[in-house]
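Report on the following structure.
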Amino acid sequence: MNPGIRSAFRILPLILLVCLAGCFPSREERPRAVLFLEGPALGMPRIGSGATLRVRQAGGGGEVPPGWSFTWFKDGVRLPAFQGSILHLPAVKPGDAGVYSVRVGTLDRVEGPGPILLQPVDHLRLVASLEDDGPGTLREAMDSLAGLDGIGGIAFHLGERAGSPIIRLERPLPPIRGHLRILGPGDRTLVLSGEGRIRPLFVKGGHLVLARLTVAGGRAQGG
């Protein structure tokens, strides 16, 4: 065989490898899907208002590219009525509470961004302080919701804080006599500590839902 032809055959596989590496982006470079909740504050829309969950492309200008498919779920159960990149609830009801997720089928793989916890409420209070008592505390929020009709909601907006947030109770929180939802911050788990001597929460009536929150160091009592 001609030496020039033999050399060309040796170089050809290397050329093909270079071409393949350049033509097909790595997994890190491929677009990713991200699930956003628009409108309601911290996953707690007011009952009767609208809530929209939307899939966007991360790092790609936001809009999803052609060819993506979407399968929506609530608490692990498929929602066949929603098939696009948007799940819109025009007027949320208590029954809409749950964990929403979406499976995104792209051209070469399936991704599942999210999930997002949705808890519709009638009244919403935001907690910005980790102190036991005073303005912006969990205690103040619970006091302000006591006696109100409907479902009360408490969410945490703690801003940029280092480490795991902890509320160290100096005395028991107000007893719960209605329907209350307490959601900790979305990026980390909040600890509600009774410091080994206090019962942190006491439900005397209604229904309590806790999420993204750990109750620790509590002391059980009868009554």
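Derivation of every value follows stated rules applied to the coordinates shown; laboratory data play no part. As the structure is a prediction and not an experimental result, all values here were calculated from the model. Glycine also receives a Cβ, built like all others from the backbone with ideal geometry; neighbour counts cover every protein chain displayed.
Relative contact order of region 94-213: 20 percent, from C-alpha pairs under 8 Å at least 6 residues apart in sequence. Loop-located GluC sites (Glu not before Pro) in region 143-202 (DSSP state not H, G, I, E or B) with no more than 16 neighbouring Cβ atoms inside 10 Å: 160, 170.
Amide H contacts for residue 47 (H built 1.01 Å from N in the peptide plane; partners 5 or more residues away or on another chain; cut-off under 5 Å): 121, 122. Between 174, 98, 196, the Cα set farthest toward the positive side of the dipole of region 85-223 (charges on each charged residue's Cβ, about the Cα centre) is that of 196. Sequence-ordered 3J(HN,Hα) estimates for region 114-122 from the Karplus curve with 6.51, -1.76 and 1.60 and θ = phi - 60° stand at x, x, 10, 8, 10, 9, x, 9, 8 Hz, glycine and proline given as x. Residues whose amide H comes within less than 5 Å of that of residue 212, counting only those at least five positions distant or on another chain, are 184 (H built at 1.01 Å from N in the peptide plane). Derived scalar couplings between HN and Hα for region 72-78 equal 9, 9, 10, 6, x, 9, 5 Hz in order, rounded to whole Hz, by the Karplus curve 6.51 cos²θ - 1.76 cosθ + 1.60 (θ = phi - 60°), x for Gly and Pro.
Please compute the length gained on full extension between residue 216 and residue 122, using 0.36 nm multiplied by the number of residues separating them and subtracting their Cα-Cα distance.
31.0 nm
Evaluating 6.51 cos²θ - 1.76 cosθ + 1.60 at θ = phi - 60° for every residue in region 145-155, the Karplus couplings come out as 8, 4, x, 7, 6, x, 9, x, x, 10, 10 Hz, glycine and proline recorded as x.
Summing Cβ point charges (Lys, Arg +1; Asp, Glu -1) relative to the Cα centre of region 105-216 gives a dipole of roughly 360 debye. Under a 5 Å amide H cut-off, with hydrogens placed 1.01 Å from N, residue 202 pairs with 176 among residues at least 5 apart or on other chains.
Determine the shape class of region 126-200: with a ≥ b ≥ c the square roots of the Cα gyration tensor eigenvalues, call it rounded for a/c under 1.5, and otherwise prolate if a/b is greater than b/c, oblate otherwise. Here region 126-200 falls in the oblate category.
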